[in-house]
Each structure stands twice: as C-alpha cells, then as structure tokens.
1. Return yes when G383 is surrounded by 11 or more Cβ atoms within 10 Å (Cβ to Cβ), out of contact with any Leu (no Cβ under 8 Å at 6 or more places or on another chain) and at positive phi and no when it is not.
2. Before we move on, is R419 farther than 28 Å from L83 by Cβ, surrounded by fewer than 12 Cβ atoms within 10 Å (Cβ to Cβ) and among the charged types (D, E, K, R)?
3. What single numbered condition from (1) at pLDDT 85 or above; (2) within 27 Å of the chain's Cα centre (by Cα) fails to hold for S304?
4. Take the conditions surrounded by 14 or more Cβ atoms within 10 Å (Cβ to Cβ) and farther than 30 Å from Q153 by Cβ and apply them to T316. Does it pass?
5. If you go through the range 280-315, how many residues are among the small types (G, A, S), closer than 30 Å to T339 by Cβ and not in a loop (DSSP other than H, G, I, E, B)?
6. When the residues of the range 55-85 are filtered to those that are over 20 Å from the mean Cα position of the chain (by Cα) and surrounded by fewer than 16 Cβ atoms within 10 Å (Cβ to Cβ), which remaining residue is modelled with the lowest pLDDT?
7. Does L275 satisfy the condition of being in the same structural domain as Y152 (by TED's automatic domain parsing), surrounded by 14 or more Cβ atoms within 10 Å (Cβ to Cβ) and in a strand (DSSP E or B)?
8. Applying the selection to the range 155-197, what residues are part of a loop (DSSP other than H, G, I, E, B) and at pLDDT below 75?
Amino acid sequence: MTLFLPLALPALIAAAPAHLQSFSGDYTGKQDGGNIKVTLKQDGSGGVTGTFHDGSSTATLSGTTSPDGKKLTGQFTYQGINLPFEIRRKGAGIEFVMKFGNEEEVMSLSRTGGAVPEEAPKPTKPKPANPPTSKPSTTSKPRATPTLAGAYQHPAGLKIGLPKGWKVQAYGPVLALLPPGATKLDGDETYLLLVGEANGVTSKTDPRLGQFTELVLNGAGGEGGLILGKGITFQRTGQDSNGLTFQGNNGRGSSIYARCLFSEPKGQIAAVLALGLKAKIAPREAALQSALAAVSASAPERDSRLLGSWKGTTATKSRDARDAVGRQQASSVTDSSTTYQLSGDGKFLESRWSRTIAIGQGVSLDSGDTVERTSGLWAASNGKIAFCEDNGLYLLGSYQIQSGHVVIQIGDRVITLSRG
C-alpha cells in the first residue's frame, strides 16, 4: 500500500527528564552572510518551543531536552516543511543543527542578554489522591460505543468519522488527530492520521500492512523510521483484528508504546498511528475504532476553478558578504518564481525557476536558468488543497481564490499565483 507520509518527522515522544540548565533565551549569529536569531523557551517538563529567524522569514520549532540537559532535539517547521533539528550546548552559546537526510548544516550562535539560567523551572508535583473509602468492584462494566460528533473530509476523497471533542489538525505535511482538550501535539499521546491507496489490500489483517507499519517505525534495515528517525527501534508485540501493537525503546531506557489501527480497505485505506504512553492511548482506542469504522471513500474532489496553468510572481533576494570591519567583499542576487499546472485527471506539475548572479573580487558568476520540477497528484475542495508528490511527500494546505488570483498556504509558506 502507499500512504501519504512526510519524508521525516522528528521525535515528539520522550520521557520528561530532569534538567541542569535551561535553554531559554535569545541566540544570534551569522550564516551565509545573513543574520540568524533563535529564541527558545523551556518549560518545567523539558519541553522547548521557539522561533528561528533568518532575516527574511520566521519558522517555528519545538522539541525536548536530553536527560543530561546538554542537547535538544525536535521539529523545525520552515516554509511548510517539517525537518528534524538538534541544538547542542557550546560554551555559553549553542550549535543549531538543521538535518537534511544524512546531511547537516551547523550554525554557531551566541547567547544574548546574560548568562544561561543555571536551572530550568521545576514542575509542580501533584498531590496524592485520597485513598478510596470502599473496595472497588472487580466486575468490569461494558463500555458504551463512543458517539461520533462529525466527520473529516480528506481532500483525497476519504471521509473519517470524528468522535465527540476530537479534531484534525495539519502539521506541515502530516495530519494529526487531537483528542478532547488538546490544542497541539503531545509527546505523551500522539495520533497521526495516514491516508492512501489500498493497492490490492483487501483486509485489515493483510501482512503487507504489518510490513508497512514496521517500515514506518524502523525504516529499511533498521536505519530509523519515517516518524521518529534514528535511535528509536520498535518490535511488534501483538496483532488483532483491528491493528498492530509495537513496543519501542529510545536507547536511553525509555519505553514507547505504538498502536496502529486500520479502516476496512475501500479502494483507499485510513490508519491511525498512536505513539506515546499506553496508559493514555489504550483508553482512547474505542473512540479511534469507531472513527475508522465510519470511513467512507469517494472520488477526490478538484475545484474546477483551479484547473490550468498558474504562475507566481518573481521574487528577488540579495545577499552581501563583508569582512571583519564591514567592507563588502562580494554580493549576489537571486531571482526565483514558481509555476503550477493542475490537470483535470488529478496530476500536477510544479516548476521552480531560479537564477543567481554573484560578483566579488572582480569576478562575476552567473548560474544561468535553473529549473526544478516536482510532479504528483492533487485534490482540492472547500478551501483545502492536497499535494502528493511522486517521492511520497504529502502536503496539506489551504487555498483562496481572489479576483483571478489564487493564494495557497502550506504551513508557513504562502504562494500567490495568477493565470499564466
């Protein structure tokens, strides 16, 4: 089967460690001649949120600290794409490491505004509950079937039921199911919604579903899965008529529970991959099963107003390289634009054009016209648009049509197009 998945989604699941130092603060530096600023805020449980600003755009990030408090790993959302990142302590500053597959880009940043706080805020310990006054009954009561309060219509055509209080939220290229009361992904219980073509799978117990789930969790040859990456391995511990159970270990003694539930294949198939603490996930399973039982398939909708060729405006970006006293040594100018071809048969072609001219030390370089093309399938309806690239990357966004223009937003990336 083929499910629409991000190329990489960094670990959101980790135990809450004790920390010696807080990462909270502002950090600045330079990269490729531009100014970089990273702002971090660490809470008492070891979670960190913040922003990354490169002088022209701002990205959000979130992650968790290592048990020794010397490293931070998490998710970096830039131009609608989620990428793994790592932050390492370096003296009073940090090294910010962006990861692109097997490659890394390292930026050394200095802390501004004083020394790093010696200790992060400590979480408040909950008071112990009062012991029960009577012995609880050992007779289990039958669970009521959860009530479905709505449905989510996936742009690819699949409709999934939503239990009361649950909602679907996009995080760049991945969809998450948020339980009642949640406003963002939680490391203790994360529910990812996967949708794709069944490709010959006719039963929820088809062995190919197990093979696919193991590939998602562990990767080819155990090199790290598509969800949590390297350093975390899972072993299958059970299978029933609804799905598969796995137990994972992050190599530091922390255990991670994983449960993958499937809908009945109907040309397309939906799956919910739950990751985190079994004590929190297990009570939710009845609600998730009721949602998957209500899955129905239909042909993907494609807003006819989007058919045809679209061209983006040309953007110009300039950069200067200066020496230690501020004298200009070199400069470059890059022009770029994007075009889309959206066909009625569901295929799309995205072409990204760019040209860079650099001048420095009496030498002029011209890259010439460079064109990168991406193709795949698309669907759009009711202001929601989805792209599934041929390489498997799935992107979900929104669109608005305004006076002959269309504005597409995927995460932080906003694309304004006109008829071309």
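1. yes
2. Taking the combined requirement at face value, the residue satisfies it.
3. (2)
4. In short, no.
5. 5
6. Across the range 55-85, the extreme among qualifying residues is S56.
7. Here the answer is yes, as L275 does meet what is asked.
8. Hits for the range 155-197 are P155, A156, G157, L158, G172, P173, G187.
The values are calculated or read from the model by the stated rules, or taken from the named source; none is laboratory data. Remember, predicted model here, so these are calculated numbers, not experimental data. Cβ atoms come from the backbone with ideal geometry, glycine included; neighbour counts cover every protein chain shown.
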